[in-house]
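We did not get these values from a lab; they are worked out from the coordinates using the rules stated. Just so you know, these numbers come straight off a predicted model, no measurement behind them. Cβ atoms come from the backbone with ideal geometry, glycine included; neighbour counts cover every protein chain shown.
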Amino acid sequence: MDITLDYRGDKTFEVHTLNDSFVLDCKRITPVEYFVSGLLGCTGIDLVMMAQKDGFEVRHYTVRGEVERKTTPPMKLASVHIVYRFDGDCEPIKAKRYILASLESYCTTVNSVRDSVNVYYTIEYNGEKIAEREAILSGQGSSEVVLEDGFGAACGS
């Protein structure tokens, strides 16, 4: 991955990625908000991709992040509560498995911060709450650790 930011003045940057470019406007959206948006987008797209791969459709989908930061500099993230709201045509257990697979294994951004940030999730699927503020297991610093996902399969192995 190679990303370049060119300062354009007035607290804005032009960001160049391998595939595209965009304006990062730090007057309107803070870099921390961009960071959290990336985190939510990473886990958010995982759900869509996994469901589509299995032939299921995700509808009326929103992902919301409730973030707490420490009060002393550098004011690191203390906790992130990710709320997934969506409708679909798979079984609720499958919907939860998609979310857990993202949070425990596939989402690069969540897995990059989860050793130092408390990460919680809530899932509202087809209007029913199927998980409420559940914590994900933090990384153990070893690829040999197998984390049980509660559904008879291992996440993070």
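What number comes out for the charge environment of Phe35, summing +1 per Lys or Arg and -1 per Asp or Glu over other residues with Cβ under 12 Å away? All intermediate terms of the calculation are to be shown ahead of the outcome.
Working: positive: Arg69, Lys76; negative: Glu33.
With Lys, Arg at +1 and Asp, Glu at -1, the net is +1.
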**Request:** Arrange the following residues from fewest to most other Cβ atoms within 10 Å of their Cβ: His81, His16.
**Result:** His16, His81
**Charge tally in the Cβ shell below 11 Å around Asp89, where Lys, Arg are +1 and Asp, Glu are -1, Asp89 excluded** = -2
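Quick one: net charge of Ile3's neighbours, Cβ under 14 Å, K/R +1, D/E -1? Write down the numbers at each step before the final one.
Values: positive: none; negative: Asp2, Asp6, Glu14, Asp20.
Combined, the nearby Lys, Arg, Asp and Glu give -4.
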**Item:** the chain: angle of helix 31-53 to the longest principal axis, Cα-based, in degrees nearest 10
**Value:** 40
**Item:** region 1-45 versus region 53-127: alpha-carbon centroid distance in Å
**Value:** 21
**Item:** Evaluated at q = 0.08, 0.11, 0.19 Å⁻¹: base-10 log I(q)/I(0), Debye formula over Cα of the chain
**Value:** -0.27, -0.51, -1.24
**Positive-end residue of Asn126, Cys107, Phe86, charge dipole of region 78-129 with Cβ unit charges** = Cys107
**Asked** To the nearest 0.05, how large is the calculated FRET efficiency for Ile93 and Ser37 if R₀ is 35 Å and r is the Cβ-Cβ distance?
**Response** 0.75
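Among bridges DSSP assigns within region 1-118, what percent are antiparallel (round to 5)?
Working: 20 of 21 bridges.
Antiparallel bridges: around 95 percent, rounded to the nearest 5.
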**Request:** May I ask for the angle, rounded to the nearest 10°, between helix 92-101 and the longest principal axis of the chain, with both axes built from Cα atoms and the value confined to 0 to 90°?
**Result:** 40
**Item:** Estimated FRET transfer efficiency when R0 is 25 angstrom, pair Thr62-Tyr7 (beta carbons, to 0.05)
**Value:** 0.15
